[in-house]
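Engineer: If you scroll down you'll find the structure; I have some questions about it.
The values are calculated or read from the model by the stated rules, or taken from the named source; none is laboratory data. None of these values were measured; they are calculated from a predicted model. Here the Cβ positions follow ideal geometry from the backbone for every residue, glycine too, while neighbour counts run over all protein chains shown. Surface accessibility is based on the protein's heavy atoms, side chains included, excluding ligands, DNA and RNA. Shrake-Rupley method; radii C 1.70, N 1.55, O 1.52, S 1.80 Å.
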Amino acid sequence: MSSYVLDALALKTTVDHDLAYYDREVTQDYLHAVEFTPLAQIDAPGLIAALQTLRQRRRQVKDLSLLLNAFDTAFDANRFWQALNVSATGIKYQVRSAQAAAALPILCQLPITPETD
């Protein structure tokens, strides 16, 4: 589970960017096409199908964004590292993957560099 959360949080910025892209650019392109095209020239069923697909893709991205924002809010990096406090417990935490070793200090914004096996 923790690997999933860390991997997911690493994608938060990308997902938020994708959501803004759908809201700002893609949707606006379709709306501008409707605005500036005479109705007689619009393939209404095709346009509605394209809009439906666009909105369904956007909904997937938005749902993922909401989930990642909830993880980001609920995940307290300071408490996580306190639970692994080397000086208090005498235990040295060993990160098992190089990916986690690289991601954790950045995601948790702490000056800790976990060692890998």
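Engineer: Go through (1) closer than 16 Å to Asp7 by Cα; (2) of a type in the set (A, V, I, L, M); (3) exposed (fewer than 11 other Cβ atoms within 10 Å of the Cβ) and name the single condition Leu68 misses.
Structural biologist: (3)
Engineer: Give the number of residues within the range 30-59 that are over 20 Å from the mean Cα position of the chain (by Cα), open to solvent by 100 Å² or more (accessible area, probe 1.4 Å) and under 30 Å from Ala70 (Cβ atoms).
Structural biologist: Qualifying residue count, the range 30-59: 1.
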